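Values in this text are rule-based calculations from the coordinates and carry no lab data. It should be emphasised that the depicted structure is a prediction, and the values quoted were computed from it without experimental measurement. Here the Cβ positions follow ideal geometry from the backbone for every residue, glycine too, while neighbour counts run over all protein chains shown.
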Amino acid sequence: MKIKKKLFHFTEIVVCFAFMAVSMDAWGQKPADPKATKETQDLYDRINQQRTKGIAVGHQDALAYGHGWYKVKGNSDVKTVTGKYPKVIGWEMGDVELGKAYNLDSVYFDDMSNYIRDTHQRGGITTLSWHGNNIATGNNAWDCGQDTVVRSILPNGVHHREYLGWLDKVADFLLNLKDHDQKLIPVVLRPYHEHTGAWFWWGAKQCSPDEYKNLWRMTVDYFQKHHDIHHVLYCYSPSETENEAHFLERYPGDDYVDLVAFDCYVPGKGTSDDIANYKIAMAKNIEIITGYAKKSGKIPTIGETGLESVKDPTYFTEVVYPLVKGKELAWILFWRNAYEADKPEHYYIPFKGHPASIDFKKFVNKKDVFLVK
């Protein structure tokens, strides 16, 4: 009897360790960059641990401006409604490559660096996108009438050397993100996002899958090998995809990616039919990224989403929450609340007095939805 008990106990231990090994392999334990800084590894671990408990709320440009205001110290539409800040804040680097003092939404880069430091201090997470201009035409990122731009900036392309100069300016900004102890602040970068669409010069109709992959790898390699940048986690974030094969068609490889995501908005005018279609698209894409995350060890998240003007007063509790509950997604980032006078309906988080503000507060007060003080 004693021998049988020992054998049974030994078997339990083996099964336990086997399960742990599979679990560790499935969800990933370290950034793709083998030289990632300790702070970056710590951020990676923190994101991974948090998502097993619930989902963080993110908001684009949350500290810089909001509905009807611009550059008010300590302000945030999320904080005005809930009393707390978003756990995740997204920022846009577009125009930094041109050497401008402010980005394409008129946020000064010096201010952005300070906002990122503030977010880091309160235990939040920063994610960055980059709507880089079209180097071939001199127009913005949405100038996508050509199918040779990506090819022209790859090695041996006519704009390759000039584009590396643009990457130098992005690198300078990233290397300027330091805390009060002068340590680099780890951030998440979503380069060349929504590439399965055709509205950016790096989109699916503008370059081949191999050209896109090479653009991604060239960018990451240049940051890491030429600029010694090792405080960045990289997020692969297409727009909606049909299945895993479509999602992976332009995937640069596990060695170049830390998080997998997608961007998806309520289409049309936000009617009930539009919201129904949104639910279908969100559910499908959540299944795609979480499925691949389990197999690859990457961290799944929602890169961008929202309902413009938040026309459904129960959007957060009745539409969003059922979609994300229990999915072990790191965060969901809602798009910006425009401050511009000519964009009064362009907002994705309710502000004080908005009909959906009560619902939003109910959403963030759920035990598995996270903000930060």
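A few notes on this one:
- Column: log10 I(q)/I(0), Debye, Cα scatterers of the stretch 220-263, q = 0.13, 0.17, 0.22 Å⁻¹: -0.34, -0.53, -0.77
- The stretch 34-173 - percent relative contact order, Cα under 8 Å, separation 6 or more: 18 percent
- Three-way shape call for the stretch 36-168 based on the alpha-carbon gyration tensor, with the a/c threshold at 1.5: prolate
- Approximate spin-label separation Lys325-Asp118, in nm, with each point projected 7 Å along Cα-to-Cβ: 3.4 nm
- Computed FRET value (nearest 0.05) for Thr148 with Asn365, which takes r as the C-beta separation and R₀ as 56 Å: 0.65
- Rounded to 5, percent antiparallel among DSSP beta bridges of the stretch 64-189: 35 percent
- Taking the centroid of alpha carbons for each part, the stretch 248-281 and the stretch 51-104 are 21 Å apart.
- The Stokes-Einstein estimate for the stretch 217-364, based on a Kirkwood radius over Cα pairs and taken at 37 °C with 0.692 mPa s viscosity, is a diffusion coefficient of 196 µm²/s.
- Both numbers refer to the Cα atoms of the chain; Rg and Dmax are 21.2, 81 Å.
- Mean separation of Cα pairs under 8 Å and 6 or more residues apart, divided by the residue count, gives the stretch 99-178 a relative contact order of 21 percent.
- The stretch 238-290 shape via C-alpha gyration tensor axes, a/c threshold 1.5: prolate
- Neighbour-count order for Phe200, Phe109, fewest beta carbons within 10 angstrom listed first: Phe109, Phe200
- A protection proxy built from the mean count of other Cβ atoms within 10 Å ranks the segments 306-312, 86-92, 207-213, most packed first, as 86-92, 306-312, 207-213.
- Measuring between alpha carbons in the structure, the pairs from Lys53/Lys295; Lys73/Lys343; Lys53/Lys178; Lys53/Lys294; Lys178/Lys325 lying more than 25 angstrom apart are Lys53/Lys178; Lys178/Lys325.
- One chain, two ends: Asn176 and Ile358. Fully extended at 0.36 nm per residue, the span grows by 61.7 nm beyond their Cα-Cα distance.
- Shape category assigned to the stretch 256-341 from the gyration tensor of Cα positions, a/c cut at 1.5: prolate
- Along the axis of the charge dipole computed for the chain (Cβ charges of +1 for Lys and Arg, -1 for Asp and Glu, origin at the Cα centre), the listed residues Ser272, Ile288, Leu167 are led at the positive end by Ile288.
- Cα-centred dipole magnitude for the stretch 172-299, charges only on beta-carbon of K, R (+1) and D, E (-1), debye, nearest 20: 100 debye
- Beta bridge orientation in the chain: antiparallel %, DSSP, nearest 5: 15 percent
- Ranked Met218, Met112, criterion: other C-beta atoms within 10 Å, fewest first: Met218, Met112
- Spatial separation of Cα centroids for the stretch 196-231 and the stretch 159-179, in angstrom: 14 Å
- Ranked list, fewest to most other Cβ atoms within 10 Å of each Cβ, for Phe316, Phe351: Phe351, Phe316
- Charged side chains reduced to their Cβ positions (Lys and Arg at +1, Asp and Glu at -1) give the stretch 31-372 a dipole of some 1140 debye around its Cα centre.
- Taking the charge dipole of the stretch 245-373 about its Cα centre, with +1 at Lys and Arg Cβ atoms and -1 at Asp and Glu Cβ atoms, the residue from Phe262, Val319, Tyr339 reaching farthest to the positive side is Val319.
- Listed residues Val188, Thr52, Trp201: farthest to the positive end of the dipole of the chain (Cβ charges): Thr52
- For the stretch 307-373, size of Cβ-based charge dipole, Lys and Arg +1, Asp and Glu -1, in debye: 380 debye
- For a straight C-alpha distance cut-off of 16 angstrom, the lysines reachable from Lys35 (same-chain residues fewer than eight places away being disregarded) are Lys183, Lys225.
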